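Derivation of every value follows stated rules applied to the coordinates shown; laboratory data play no part. Since this is a predicted model, take the numbers as computed values, not measurements. Cβ placement follows ideal geometry from the backbone for every residue including glycine, while neighbour counts extend to all protein chains displayed.
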Amino acid sequence: MSSVGEPPAAPAVEGRDGPGGQPELIKAVPLRRPGRLIAAVLVLVLLALFAYGAATNSAYDWGTFGRYLFDQRISKAAGVTLSLTVLAMFFAIILGVILAVMRLSPNPVLKAVAWGFVWFFRGTPIYVQLVFWGLLVVIYKQIDLGIPFVVQFAHINTGSLFTAYWLAVIGLSLNESAYMSEIVRAGISSVDEGQEEAARALGMSWSLSTRRIVLPQAMRVIIPPTGNELISMLKTTSLVIAVPLTSELYSRARDLSVETFNPIPMLLVASAWYLFFTSILMVGQFYLERYFSRGASRKMSAKQLQALANAQSLGGHI
Amino acid sequence: MTGSPPPAADVMVRSEQVCKYFGALEVLKGISLNVNRGEVMCLVGPSGSGKSTFLRCINHLEQISAGRLWVDGELVGYTERGGRLHEMPAKHAAVQRRDIGMVFQKFNLFPHLTALENITEAPTRVKGVKKVEAIARANQLLEQVGMPDKAKAYPAQLSGGQQQRVAIARALAMDPKLMLFDEPTSALDPELVGEVLDVMKQLAQGGMTMIVVTHEMGFAREVADSLVFMDAGVVVESGEPRSVLSDPKHERTKAFLSKVL
């Protein structure tokens, strides 16, 4: 502006809305960042090379992939995978909440039992557990209903009661409930003590304050890891061959590769379906998280900020 | 002790030899006092003197270990049958708490609910008040505490003083016969203290029975009908606020007041 070294003339002291008008908004020259550009180009080139290789490599056999992607046998198996996931997760969440409440209860017996359950089911591999559930019908050939050592009303053959499908659901949900109970417990513990106290001071019962005050706040902590668990469960269903149950996606894709003499396109078909389901679940998780994080931040929504800006331009004070 | 007559009709809170132990630690060592209907009592004293614990005993957030405590003629936290005290079922205790409003030092507003929802939650869920009526009343209360335009704001978007005023409105929505304030201005910036005290002053002038644990001696002098000085779990001195503040009789009161006045 003026000669170097000479300090700029001090502006007359005036408010933003003084006679001099508002100071100009800053329009600075943006800083150059060559590193960013180079990194981006490098990664894009590598990706393009990989895509070219995948498209031209005959081992992937994209023709077979296309033919089997919507094959009815595959889509049915995908349905089995999805229903296994949903059912197992449903029971796991219910049992997990019960276990978490037991862990947090003042009753030492309930506490210890819940701890023991988590210790066992989290401490042994899911594959081993699923093999065990498959052997249930061998270990317990029949279930007797009645008063122990006194009288029996009914004998039930376990073989006819539990199909491989339900054994898989039981195995998956018991294992998962151990993880879910820890997630729920962490969520409940994360809610400030003062919240329950304020609810009680207003005359709320334990169940009302748990439902309306504590759990909704715990959900913010519970939902992200639960979404993780759900997606993880979707993929864990591929292990139910241990029961053995072979009607789900992965086993079916393996079986069909006998037809094609090439397992690779079938693995890609299965992967595509897993990715499809996972993507849908992630969308659901996004909306759930947004709902339960309301009030968590002091940041205002675009709507609220606009309303304040409007009020300001009308000359009002904030 | 067990044969004590129920308190007279104009007494809202009557405390007789109330003691409270946390394990082996004796926090309250026999507190005896009366709060009349419409009276404003300020509890002052150094931290750790037991004032907050005593306040929490009044609505049974803490269970007393010895003595007797009545609110509006009803024993708090216990029922007396056949000359013995029985622990009160949680449901019964919840019914007792409905009529006693409490305001906390850290506000404890429900962060996932808007200011309005914070106020309507308990009346609709606990008392079964119709939603439309509860909302109308909540708006009226927000007006009363001077923030009619903040109904839709979440607690995190409000200043400390605004949050505490919503918390007062939340307690008032249950139409309490007694209001307990546990250091309501201790967590506030100095410039925000006044707006909360103004709401409380207005409430006192409206005839509300209030017990206020506070360090605001100006408020005690101006608004309170009685002042109780507690130290180490006992009532050291009590009386008309002006005379206690200007002419304390006990050495401990003198020492405390010389530091805070």
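Some points to look at:
- Within the listed set B:GLU191, B:GLU183, B:GLU216, the residue fluctuating most in the Gaussian network model of chain B (springs between alpha-carbon atoms under 10 angstrom) is B:GLU191.
- About its Cα centre, the dipole of region B:18-120 is roughly 160 debye, where the only charges are +1 on Lys and Arg Cβ and -1 on Asp and Glu Cβ.
- Per-residue ellipticity at 222 nm from helix content only, as computed over chain A with -39500 (n - 2.57) for each DSSP H run of at least four residues, stands at -22000 deg cm²/dmol.
- Residues A:PHE90 and A:SER190, FRET efficiency given R0 of 30 Å [Cβ-Cβ distance, rounded to 0.05]: 0.80
- About its Cα centre, the protein assembly as shown has a charge dipole of approximately 1140 debye under the convention of +1 per Lys or Arg Cβ and -1 per Asp or Glu Cβ, with nothing else charged.
- Rounded tilt (10° steps) of A:302-313 against the dominant C-alpha axis of chain A: 20 degrees
- Region A:136-183: C-alpha gyration tensor shape, a/c 1.5 cut-off, then a/b vs b/c: oblate
- On the beta carbon distance between B:LEU75 and B:GLN205, with R0 = 22 Å, the FRET formula returns roughly 0.10.
- Candidates A:VAL113, A:VAL243, A:VAL97: whichever shows maximal mean-square fluctuation once chain A is modelled as a Gaussian network with Cα springs under 10 Å: A:VAL113
- Taking chain B as a Gaussian network of alpha-carbon nodes connected by springs under 10 Å, the highest mean-square fluctuation of the residues B:LYS51, B:LYS127, B:LYS177 belongs to B:LYS127.
- Quotient of Cα Rg and 2.2 N^0.38 Å for chain A, N being how many residues it contains: 1.53
- Cα shape, region B:148-245, gyration tensor, a/c 1.5 rule: prolate
- With R₀ set to 51 Å, the beta-carbon distance separating A:LEU305 from A:SER271 gives a calculated FRET efficiency near 0.75.
- Shielding by other protein chains, A:300-311, mean Cβ within 10 Å: 1
- Rg/Rg_globular for the protein assembly as shown, with Rg_globular taken as 2.2 N^0.38 Å and Rg from C-alpha atoms: 1.36
- Here the simple spin-label model places points 7 Å from the Cα toward Cβ, and for A:SER58 and B:ASP189 these points are separated by 7.5 nm.
- Each other residue within a Cβ distance under 10 Å of B:LEU158 adds +1 if Lys or Arg and -1 if Asp or Glu, for a net charge of +3.
- Rounded D (µm²/s) - region A:177-318, Kirkwood Rh over Cα pairs, Stokes-Einstein at 4 °C, 1.567 mPa s: 67 µm²/s
- Region B:149-190 shape via C-alpha gyration tensor axes, a/c threshold 1.5: oblate
- Under-5 Å amide H pairs with A:GLN142, H placed in peptide plane, nonlocal only: A:THR158
- Residue pairs, from the table B:LYS51/B:LYS249; B:LYS130/B:LYS150; B:LYS106/B:LYS150; A:LYS111/B:LYS106, whose Cα atoms sit over 24 Å apart: A:LYS111/B:LYS106
- Test item: A:192-198 mean partner chain Cβ contacts at 10 Å: 5
- Projecting the Cα positions of A:GLN306, A:LEU95, B:VAL95 onto the charge dipole of the protein assembly as shown (unit charges on Cβ atoms of Lys, Arg, Asp and Glu, taken about the Cα centre) puts A:LEU95 furthest along the positive direction.
- Along chain A, the exposed loop sites are GluC sites (Glu not before Pro) outside DSSP states H, G, I, E and B with at most 12 other Cβ atoms within 10 Å, and the longest stretch free of them is A:25-318.
- Partner shielding of B:109-119 amounts to 5, given as the average count of beta-carbon atoms from other chains within 10 Å of each residue beta-carbon.
- Considering only beta bridges that DSSP places wholly inside chain B, some 60 percent are antiparallel.
- Of the chymotrypsin sites (Phe, Trp or Tyr not before Pro) found in region A:193-277, the ones in coil according to DSSP and having at most 11 other Cβ atoms within 10 Å of their Cβ are A:PHE261.
- At q = 0.12, 0.14, 0.20 Å⁻¹ the log10 of I(q)/I(0) for region B:1-158 amounts to -0.68, -0.87, -1.28, computed by Debye summation with a single uniform scatterer per C-alpha, solvent ignored.
- Once backbone amide H atoms are built at 1.01 Å from N, B:VAL27 has B:LYS20, B:TYR21, B:PHE22 as its partners under 5 Å, excluding neighbours fewer than 5 places away on the same chain.
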